[in-house]
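The values are calculated or read from the model by the stated rules, or taken from the named source; none is laboratory data. The structure displayed is predicted, hence computed values, not measured ones. Positions of Cβ are generated from backbone atoms using ideal geometry, with glycine treated the same way; all protein chains shown enter the neighbour counts.
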Amino acid sequence: MRARDLLAPFPTVTLGTSALAAARLLAEQDLPGLIVVDDEGHPLTILPGTQVLRLVVPRYCQEDPALARVIDEAHADRFAGELGERSVRECLPEQPRELPITDTNATVLEMAALMARTRSPLIAVVDDRKLVGAVTLQTLLGRALEA
């Protein structure tokens, strides 16, 4: 089984897309992350949903989870409003990692290793630098467990 057999169309965003629009896309389509592309549609990186959360959850709550408990429920439910006018560019990790991008000939094991190594819930699949789709963790595991 190769990447070309498992890939599916997948939504993309650009570096300039608003973080709020990206968060809505993640939530509305129940996605594990988004593919960030350049102006020509070439994949730049993967934006995991957890990176969007890191932008909106106050740093003091990330560093000391007990502090999150002391915030009243009314305010805690509105933490996503902190996205404001921020962009996808601001959601990306400061230290770039290996890109979870592969070609259409990658095997299931190659894709699994890439996901594990990059800690990415999806892989962008390219053919001649053009995005042709993505393989999600759920699809990959589902296929691997069937075998």
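If you go through the range 29-60 and keep only what is part of a helix (DSSP H, G or I), under 14 Å from the mean Cα position of the chain (by Cα) and not basic (Lys, Arg), you end up with GLY49, THR50, GLN51, VAL52, LEU53, LEU55. Of all residues in the range 111-146, those satisfying the criterion of being within 16 Å of PRO11 (Cβ to Cβ) and polar (S, T, N, Q) are SER120, THR136, GLN138, THR139. Only one of these is exposed (fewer than 13 other Cβ atoms within 10 Å of the Cβ) and either farther than 16 Å from GLY33 by Cβ or within 15 Å of the chain's Cα centre (by Cα) (or both): THR107, THR118. Name it. Going through THR107, THR118 in turn, just one is exposed (fewer than 13 other Cβ atoms within 10 Å of the Cβ) and either farther than 16 Å from GLY33 by Cβ or within 15 Å of the chain's Cα centre (by Cα) (or both): THR107.
Is one or more of the residues making up the range 12-21 at pLDDT 90 or above, within 30 Å of LEU109 (Cβ to Cβ) and of a type in the set (A, V, I, L, M, F, W, C)? Checked the range 12-21: at least one residue is at pLDDT 90 or above, within 30 Å of LEU109 (Cβ to Cβ) and of a type in the set (A, V, I, L, M, F, W, C). When the range 1-28 is filtered for residues that are under 16 Å from HIS42 (Cα atoms), of a type outside the set (A, V, I, L, M, F, W, C) and in contact (Cβ under 8 Å) with a residue 40 or more places away in the chain, the ones remaining, listed by number, are PRO9, THR12, THR14, GLY16, THR17.
Each residue in the range 13-36 was checked for being within 17 Å of LEU99 (Cα to Cα) and buried (at least 18 other Cβ atoms within 10 Å of the Cβ), and 5 of them qualify.
May I ask you to say which residue of ALA144, ALA112, ALA68 is assigned to a helix (DSSP H, G or I) and modelled with pLDDT under 80? Result: ALA68 is the single residue among ALA144, ALA112, ALA68 that is assigned to a helix (DSSP H, G or I) and modelled with pLDDT under 80. Among the numbered conditions (1) at pLDDT 75 or above; (2) in contact with a Pro (Cβ under 9 Å, 6 or more places away or on another chain), the only one that MET1 does not meet is (2). Might you check whether a residue that is modelled with pLDDT of 85 or more and surrounded by fewer than 13 Cβ atoms within 10 Å (Cβ to Cβ) occurs anywhere in the range 41-59? Taking every residue of the range 41-59 in turn, at least one turns out to be modelled with pLDDT of 85 or more and surrounded by fewer than 13 Cβ atoms within 10 Å (Cβ to Cβ). Could you go through the range 6-19 and let me know if any residue there is assigned to a strand (DSSP E or B) and more than 14 Å from the chain's Cα centre (by Cα). Yes, some residue in the range 6-19 is assigned to a strand (DSSP E or B) and more than 14 Å from the chain's Cα centre (by Cα). Of all residues in the range 17-30, those that are in contact with a helix residue (DSSP H, G or I) (Cβ under 8 Å, 6 or more places away or on another chain), more than 18 Å from PRO93 (Cβ to Cβ) and not polar (S, T, N, Q) total 1. Here ARG78 passes the criteria (1) modelled with pLDDT of 80 or more; (2) more than 19 Å from HIS42 (Cα to Cα); (3) charged (D, E, K, R) except the one numbered (1).
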